[in-house]
């Protein structure tokens, strides 16, 4: 019954199943047909942005000789903050729009607008990627998740009903003490999920606990990892412990799920009719050669309420140079290096997901960028980039109090105010760093 009701809802709510079928058709296209479709949809978005979005009208007029995407200006998180209203498309009031925001894992929490058209393609693509992992609509799924916003909304009747219809059971990845690992293991054994969708670090730590403590664990069809860098040793242990393949995914709040591995795990396929991806040298801003690592730049081809064109998402990857034996001709990215988000260690030895501390910075408008550094078991330094000469003392006290509540009352909390935060040698930004071994 649950499956049939949810399919009926997907059919009529935002036409998600129709979008899913369209995406399924795109899977079978030839490389030439994919390129033609991508260029057509990209040009449609560029034309719309120029004619209907004040911000892009100004920006495109300032680059009148642009003949390639790489000639157009890049969009930064700061641009969204400073031009929020001018980035909205004409007629947004008729588009069933809503607000969303990044988690702050890049050091710059950013609010933006999305709409029903975008959401229907996002949900349709999720269904396709779930299918690659062996899960069909409404088959049981465990989400080992760490989004504070998602978790905080979990008690509403609407959210509970939605999760029941989707057959999704959520486990809080923010709290990962020894007893939490055991509770999570028991929940997996009770639910017997078709798949586990999890933050990389969270499921890697859970797999390590299961193996070290010789816990009997149910084997799903797949484990889908996201929101971090999946290192080879992590993949090997997760696959060994859960006795199933790992499918890595890549996405963001701004664009939803962007790319996913298929059964062959050759690389992460992305649908170029939904996302146009460039990879650039962060120093020269020029496109890199296929196979060469660079910074990911994304253009959404489905969000007309607030188009994000050539958006610097803050992660590193390379274009895969070969084809995939799965038969899907969508392009692939590989060597994806997400934002490095070390777990912190509380005074009692428990692991603490960094999003708990990031949350305390969300509503401090005076913070332009941040880095949280646990230098020792009992010392945390907040590096805050700001234009404000005197930060509000009440905000600093609240940040300090929340940090002590999570890590321990005897933890020393310090504040530093650098002019900027540099990239690591890898080219990635590190906004949560822990020097404390687990």
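The values are calculated or read from the model by the stated rules, or taken from the named source; none is laboratory data. As the structure is a computational prediction, the values presented were derived from the model and not from experiment. Here Cβ is always computed from backbone atoms with ideal geometry, including for glycine, and neighbour counts include all displayed protein chains.
Remarks
- Taken over the stretch 279-302, residues that are surrounded by fewer than 21 Cβ atoms within 10 Å (Cβ to Cβ) and touching a residue at least 60 places away in the same chain (Cβ under 8 Å) amount to 6.
- Flag if residue 239 is surrounded by fewer than 21 Cβ atoms within 10 Å (Cβ to Cβ), touching a strand residue (DSSP E or B) at 6+ places or on another chain (Cβ under 8 Å) and assigned by TED's automatic domain parsing to the domain that holds residue 36: yes
- Any hit, the stretch 328-343, residues being within 27 Å of residue 145 (Cβ to Cβ), within 25 Å of the chain's Cα centre (by Cα) and without any contact (Cβ under 8 Å) to a residue 12 or more places away in the chain: no
- Per-region count, the stretch 266-303, residues in contact with a strand residue (DSSP E or B) (Cβ under 7 Å, 6 or more places away or on another chain), part of a loop (DSSP other than H, G, I, E, B) and either more than 28 Å from residue 84 (Cβ to Cβ) or at pLDDT 95 or above (or both): 11
- Qualifying residue in the stretch 305-321 (condition: under 16 Å from the mean Cα position of the chain (by Cα), at positive phi and either surrounded by 18 or more Cβ atoms within 10 Å (Cβ to Cβ) or part of a loop (DSSP other than H, G, I, E, B) (or both)): yes
- Residue satisfying all of: in the stretch 69-92; modelled with pLDDT of 90 or more and not in a loop (DSSP other than H, G, I, E, B); surrounded by the fewest Cβ atoms within 10 Å (Cβ to Cβ) among these: 85
- Selection of the stretch 374-397 for residues being assigned to a strand (DSSP E or B), within 13 Å of residue 417 (Cα to Cα) and at pLDDT 90 or above yields 381, 382, 383, 384.
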